[in-house]
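Inspection log for the structure reproduced underneath, given as structure tokens.
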Amino acid sequence: MLSALNKALQLLNYSDNTAFDLRKKLLAKGYSESEISEAVSKLIKNGVLSDDRWLENKLLEMQNLRPRSLKKIIFELRAHGFSAEQIETKWNQLGLSDDKLAWKVICQRERSISDRSQKSMDKLMRYLANRGFRLDTIKNAINKLMADKTI
């Protein structure tokens, strides 16, 4: 059987993980808590495993691929062992905001909102709400869209 460190390296070679996720995976593979702690500590010490780097990459990926609100992101990332404060701190360090991301969603959906009819705006509002944006953020983004004739 592979050592916990070797198995952890194998898992990290496949995909980046948080320390929390890596611990869960190693526990599921039957490694002892002491083996896991030793392996994770070595990986962190050598810079192979970094929760901060993982969180930053994940936030940037979420912002670029499928923008959603901070509220929704916090809900999703807490499952990876992060606190709301950690996520919000990194969010602010990266200069992200719900207003910017709501506008980005609108720009990505340019084709479906070209007519600016009430039906299209209602549909867009529901779409943004499903992405976790607050009503005031949605209204600001819609008002910006109505004022902007270039989209």
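No value in this document is a laboratory result; all are computed from the given coordinates. The structure presented is a predicted model; accordingly, all values stated were derived computationally and were not measured. Don't worry about glycine lacking a Cβ; one is built from the backbone with ideal geometry, like all the others, and counts go over all protein chains shown.
Helix 135-147 versus the longest principal axis of the chain: what is the Cα-based angle in degrees, 0 to 90, to the nearest 10? For 135-147 against the chain, the angle is about 50 degrees. Charge tally around Trp54: other residues with Cβ under 11 Å, Lys/Arg +1 each, Asp/Glu -1 each, net -3.
Take the Cα of Arg53, step 7 Å toward its Cβ, do the same at Lys144, and the gap between the two points is 3.3 nm. Across Phe20, Phe133, Phe82, mean-square fluctuation computed from a Gaussian network of the chain (C-alpha pairs under 10 Å connected) peaks at Phe20.
With the convex hull drawn around the C-alpha atoms of the stretch 4-45, the volume per residue stands at 57 Å³. To the nearest ten degrees, helix 98-108 and the longest principal axis of the Cα atoms of the chain are 70 degrees apart. Taking 0.36 nm per residue of separation and subtracting the Cα-Cα distance, full extension of the segment from Lys119 to Phe20 would add 31.2 nm. For the stretch 77-151, the set of trypsin sites (Lys or Arg not before Pro) satisfying both a DSSP loop assignment and a count of at most 10 other C-beta atoms within 10 Å is given as Lys149.
At what distance in nm do the modelled label points of Arg111 and Gln93 sit from each other, each positioned 7 Å from its Cα along Cα→Cβ? Label-label distance for Arg111 and Gln93, simple model: 3.8 nm. When the Gaussian network model of the chain links Cα atoms closer than 10 Å, the mean-square fluctuations of Gln108, Gln118, Gln63 top out at Gln118.
What you get for the chain, charging only the Cβ of Lys and Arg (+1) and of Asp and Glu (-1), is a dipole of about 640 debye around the Cα centre. Couplings for the stretch 54-70, taken from phi via the Karplus curve 6.51 cos²θ - 1.76 cosθ + 1.60 with θ = phi - 60°, read 4, 5, 4, 4, 5, 5, 5, 4, 5, 5, 7, 7, 8, x, 8, 6, 4 Hz in order; Gly and Pro are left as x.
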